[in-house]
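Some notes on the structure that comes next.
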Amino acid sequence: MTDELARRIDGLMPRAWTDLAELVAIPSVADPRQYPPEKCREAAEWVADAFTGAGLRDVHLEETPDGSHAVVGHRPPPPGAPTVLLYSHYDVQPPLDEAAWTSPPFRLTERDGRWYGRGAADCKGNIVMHLTALRALGEDVPVGLKLVVEGSEEQGTGGLEQYVPPHAGELHADALLICDTGNAAVGVPTATTSLRGVVTVVVGVEALTGDVHSGMFGGPAPDALAALIRMLDSLRDADGGTRIEGLDCTGSWSGVGYDEGAFRTDAGVLDGVRLTGSGTVADRLWARPAVTVLGIDCPPVVGSAAAVPATARARVSLRVPPGTDARAAQDALVAHLEAAAPWGVRVTTERESAGAPFRAGTGGPAYAALDKAAQEVYGKPLSFLGQGGSIPLCNVLATTFPAAELVLMGVEEPRCLIHAPNESVDPEEIRRMAHVEALFLRHFANSP
């Protein structure tokens, strides 16, 4: 039966290409300042039509509180069978610098065995994975299905997070497949079990009533930009690791590791440049807080004057691992910056978002079924991976459906370069992960 399923999926791969090409061609960036909102609506309608054709019922668009549209649908379970929710998102990141793309971002292009295009992996490739798995099963779907494909995940405006709690009855399932992640590497079946949370703070420094001539006043006049630089530098120790008063920055990761050489390649670290921090790469990525200066408001180099800056401002992000309260981490970041301010300069802070970290339980029947499916397709057991990014929806789902198992999986892997120019997907991962998903649905239906 497994061999027959594999043959069906092999036969569906040309259709997977067509599906992905059609989806990638729709520039569904959920930011009306950059792209027409009609394109997101077009992508949502494409998704609704495709899942209707794949056997789901009452597939339709629901407007969420942020104005975006989620695609929802269902398929009733056979008597006594469990229900699985399938999740993905159809909105994509903007292509950024189109000149950096080797091929047009909104035209799926095959090159060197990979399929290139914005959203090819994140997350339209996962939509195609779902469709391929369901088409391969045909009418032989052994579980009930719920579907939700959201339309504003990349913008972080929280439409689906707000939609879920009042619609819990419609979305309730025994296992939730959150397909917005992927494997540790091509050919390594992986479930993401840990997500870092994220908090952001905007910190401002005022030292003078206005900029003053550096020749006349430089020296004793306090430089607001220099003060800010000192404050930001205090967030790291000598080897570049994050060190914030009141936060534990010594955690360790017990799941699958991340080879340092592979990380350097994946992250594009220049030759001769050392990685920051200590411990393993996985420790630093998935088990410890990590601070990043996202941006600084200060005079630009071109056009700058011979003046002592009176004010400066920075936006600071802090990723926080499971086990760390996001609001407490934000408070610690603010307190640290305020305490680090030199020379009595005035400091203002603006707390922005605070998304909680997430850790999945892996001891239930869904994970057992997924491991069995992964071994049948990949010939190796399921690995567990952390994720440096944040998916706030996971915490909403875990709170709303506390008895459900939540599984993060998908077709993405480091070479996909999601969010960057030249995003791509390995079609073999679409094929294999669609096979894994189809087998998972069979195995989960027979779980004790």
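Just a few scattered comments:
- For residue 380, the lysines whose Cα falls under 21 Å of its own Cα, not counting residues fewer than eight places away in the same chain, are 372.
- With a Förster radius of 51 Å applied to the C-beta separation of residue 256 and residue 301, the computed FRET efficiency comes to 0.75.
- Remark: relative contact order (the chain) = 25 percent; criterion is Cα-Cα distance under 8 angstrom and separation of 6 or more residues.
- Near residue 357: Cβ cut-off under 10 Å, other residues only, Lys/Arg at +1 and Asp/Glu at -1. The net charge is +2.
- Heavy-atom accessible area for residue 254, with the other protein chains in place and a 1.4 Å probe, reaches approximately 120 Å².
- Beta bridges per DSSP, both residues in the chain: antiparallel share near 70 percent.
- Loop chymotrypsin sites (Phe, Trp or Tyr not before Pro), segment 308-415, which have at most 14 other Cβ atoms in a 10 Å radius of their Cβ (DSSP): 343
- Accessible surface, segment 352-418, averaged per residue in Å² (probe 1.4 Å): 40 Å²
- A DSSP coil position with no more than 11 other Cβ atoms inside 10 Å describes the following trypsin sites (Lys or Arg not before Pro) in segment 225-283: 274.
- Low-density loop positions, GluC sites (Glu not before Pro), segment 101-182 - DSSP coil, at most 14 other Cβ in 10 Å: 139
- Span-rule helices in the chain, defined as complete DSSP H runs reaching 24 Å or more along the axis (Cα) with Kyte mean at least -0.5: 2-24, 427-445
- Taking all protein chains as they are arranged and a probe of 1.4 Å, the heavy atoms of residue 39 leave approximately 70 Å² accessible to solvent.
- A simple count of charges around residue 88, restricted to other residues whose Cβ falls under 10 Å of its Cβ and scoring Lys, Arg +1 and Asp, Glu -1, yields -3.
- Förster radius 25 Å - calculated FRET efficiency between residue 348 and residue 31 (Cβ-Cβ, nearest 0.05): 0.35
- Fully extending the segment from residue 267 to residue 217 would add 13.7 nm, taking 0.36 nm per residue of separation and subtracting the current Cα-Cα distance.
- Amide H contacts under 5 Å for residue 352: 200, 201, 202, restricted to partners 5 or more places along the chain or on a different chain, H placed in the peptide plane at 1.01 Å from N.
- Segment 241-259 and segment 352-401 have Cα centres spaced 20 Å apart.
- Of all accessible heavy-atom area on the chain, the percent that carbon and sulfur account for (1.4 Å): 52 percent
- Neighbours of residue 243, meaning other residues whose beta-carbon lies under 12 angstrom from its beta-carbon, give a summed charge of -3 when Lys and Arg score +1 and Asp and Glu score -1.
- Helical contribution to [θ] at 222 nm, DSSP H n ≥ 4, -39,500 (n - 2.57), averaged over the chain, rounded to 500: -10000 deg cm²/dmol
The values are calculated or read from the model by the stated rules, or taken from the named source; none is laboratory data. Note that the structure is predicted; figures quoted are calculated from it, not measured. Heads up, the Cβs are rebuilt from the backbone with ideal geometry, glycines too, and the neighbour counts pull from every protein chain shown. The accessibility values were calculated without ligands, DNA or RNA, using every heavy atom of the protein model including side chains. Shrake-Rupley method; radii C 1.70, N 1.55, O 1.52, S 1.80 Å.
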